[in-house]
Each structure stands twice: as C-alpha cells, then as structure tokens.
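Here is the structure we will look at, set down as structure tokens.
The values are calculated or read from the model by the stated rules, or taken from the named source; none is laboratory data. The model shown is predicted, which means the values in this text are computed figures rather than measured ones. As a convention, Cβ positions derive from the backbone with ideal geometry for all residues, glycine included, and neighbour counts pool all protein chains shown. Note: areas computed on protein heavy atoms with side chains; ligands, DNA, RNA excluded. Shrake-Rupley method; radii C 1.70, N 1.55, O 1.52, S 1.80 Å.
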Amino acid sequence: EDCVGLLFDIVTVPKNVTITSAHLRFRAEEDGNGTSILKIYAEDVDDASGFTYNDEDVSHRTRTSAYEIWSMPTFNNGHYYNTPDLKDVIQEVVNRSGWSSGNDMTIITVPNSGNNDRDAYSRERSPSSAPELVINYTTGSGNENKFIVEIGSYSNGNVDEVISAQTFAVSFDNSGNQTEELESAVFDASALPVDLIYFYAEKQDKTAVLNW
C-alpha cells in the first residue's frame with residue numbers, strides 16, 4: 001500500500017558497464033498472500049541521498065524511465081524471495097554522466113495493483129536479513145570489444161564498429177583443396193574481463209592458426 005525506498009550505499013559498479021542481470025533479494029518477516037503487484041524503479045540521480053522525515057521524501061524522488069513489474073509470490077516467514085531481473089533499471093543509472101563506482105543508489109517500489117501487504121526485514125530490523133541488491137555486469141559493451149578480422153591480416157584495436165555478426169565458412173574437398181574461402185569474420189570478446197589487443201588468423205593447410 002506504500003511507496004517504499006531502499007538505499008544501498010557504496011554500489012561498486014563502474015560507469016557505463018553492461019549490466020547482465022540484477023535483482024533485489026528479500027527475507028520475509030511474516031506470512032503473506034493474495035494479489036500484490038509492484039513497479040520497481042531506481043532513483044534517477046547520480047548519487048542518491050539519505051532518507052529524511054519530510055513528507056513524500058520517497059514518493060517525490062525522480063524515478064528512472066525503466067521499471068520492472070513484480071507479481072509478488074506468497075511470502076512464508078523466514079524464506080527468501082527475488083524480484084524479476086532489474087538490469088534495465090540499473091543500466092539507466094550507471095549510464096548517467098555523473099555516475100561513479102561507489103555512489104549510493106536508491107530503489108523505489110510503487111504499488112501497481114492488489115492491496116495485500118508483504119512484510120520483509122529491513123537492515124534496521126535485522127542486519128543479517130537485510131534486503132540485498134545483486135548486480136552482475138561485464139566491462140564490455142555490445143560492440144566495443146568486437147573485431148572484424150581477415151585471414152592473413154592483422155587486427156590491432158577496434159578497427160571497425162560491428163553492427164551485426166556475420167557467419168562465414170571454410171571448406172575443403174577430399175583432395176584437400178579449399179572450396180570456400182573465409183574472407184572475414186567477427187570475433188566477439190565482450191564477455192572477457194580483459195581488453196582484446198589483437199587477433200590474428202592464418203590458414204595453414206587444412207587448419208587455421210589463431211593467435212591473440
């Protein structure tokens with residue numbers, strides 16, 4: 001029935017990383033059932049401020065345009081429950097020009113429909129059962145670590161922006177003669193925790209020698 005704010009201090013997620021998944025995790029303080037559907041936003045600021053006792057302090061904070069709907073399950077006292085994926089909500093905040101790793105972040109839940117409460121522990125109520133914000137991310141964006149490479153050529157740095165990956169093939173006949181040539185291919189290193197410096201492919205007989 002209420003607009004609820006959750007403040008998470010020192011969120012160590014770098015600016016402009018790609019959020020692969022995120023969710024809130026609650027521990028139920030009481031049993032609860034019936035229809036209860038929430039909209040979950042983040043506060044659309046670079047560095048969230050602490051809560052005050054001023055009227056409408058939470059409800060009047062600027063929210064992200066992205067949000068997720070949570071049709072809350074039945075709560076059983078002491079059990080843990082996760083929200084749906086909040087990656088788009090978190091992505092909007094870490095993409096802000098003033099976001100920096102270590103800033104504070106506020107998540108805001110707003111009633112959408114239903115009128116049945118769910119009670120979960122707060123940090124003040126039980127530090128060991130406090131709500132958790134779980135964020136997974138990769139340092140590669142959709143395109144920044146994709147390389148276009150060619151057989152017998154050398155790729156050093158992000159030589160081209162890759163709009164969409166393409167598939168090519170090399171095949172040989174029974175005599176070992178090449179029947180189709182691999183002219184170019186896309187190498188995707190966006191999931192690696194390092195930056196790709198170079199990628200080199202060279203055909204040797206019926207095989208390809210890859211160096212990176």
Between the range 82-97 and the range 1-60, what is the separation of their alpha carbon centroids in Å?
11 Å
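Sort the following peptides by mean Cβ neighbour count (other Cβ atoms within 10 Å, averaged over residues), highest first: 204-211, 58-65.
Working: 204-211: 9.9, 58-65: 15.0.
Result, highest mean Cβ count within 10 Å first: 58-65, 204-211.
Would you mind working out the magnitude of the charge dipole of the range 1-85 relative to its Cα centre, with +1 at each Lys and Arg C-beta and -1 at each Asp and Glu C-beta, to the nearest 20 Debye?
Working: 6 positive and 15 negative charges, 81 e Å.
Computed charge dipole of the range 1-85: roughly 400 debye.
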Per residue accessible area in Å² of the range 4-115, where ligands, DNA and RNA are left out and the probe is 1.4 Å
50 Å²
Leaving ligands, DNA and RNA out of it, report the carbon-plus-sulfur percent of the accessible area of the range 1-88 at a 1.4 Å probe.
43 percent
